[in-house]
Amino acid sequence: MALTDAQREAIYRLARREQNYVRFFRYLSELKLNMRQSSVAVVEDHSGLNHKNSLDLMRQIAETGVAEMHSGGGEPSYLMWRDDVDIREVGKSADKPLR
């Protein structure tokens with residue numbers, strides 16, 4: 001199942017909030033393979049955000065419905081992407097508005 005228009009629009013708007021968000025979404029769009037999860041360390045590395053802000057970005061991504069936050073060691077530490085979502089498409093959605 002492809003991303004819905006509402007999800008694409010939410011991702012686009014989210015990416016426009018901060019340049020560091022754009023950097024992370026660009027990383028997703030350039031992946032060679034679809035990944036099933038992304039750790040907070042990956043978000044930090046590719047966005048340049050600190051740990052707290054990376055977790056905030058991950059929560060905002062989860063709110064769009066394309067992923068869920070999961071915990072490792074008792075605190076949120078990674079995004080589990082929905083089975084029907086290609087995260088490369090999530091990344092590409094950040095570059096272009098629907099209309």
Subset of the range 10-56 that is touching a residue at least 40 places away in the same chain (Cβ under 8 Å), in contact with a helix residue (DSSP H, G or I) (Cβ under 8 Å, 6 or more places away or on another chain) and more than 17 Å from residue 96 (Cα to Cα) - its residue that is most open to solvent (accessible area, probe 1.4 Å): 35
Would you mind stating whether residue 27 is modelled with pLDDT of 95 or more and either of a type in the set (Gly, Ala, Ser) or outside any strand (DSSP E or B) (or both)? yes
Residues being of a type in the set (Lys, Arg) and in a helix (DSSP H, G or I): count how many of those fall in the range 47-99. 4
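The values are calculated or read from the model by the stated rules, or taken from the named source; none is laboratory data. The structure presented is a predicted model; accordingly, all values stated were derived computationally and were not measured. As a convention, Cβ positions derive from the backbone with ideal geometry for all residues, glycine included, and neighbour counts pool all protein chains shown. Only protein heavy atoms, including side chains, enter the accessible area calculation; ligands, DNA and RNA are left aside. Shrake-Rupley method; radii C 1.70, N 1.55, O 1.52, S 1.80 Å.
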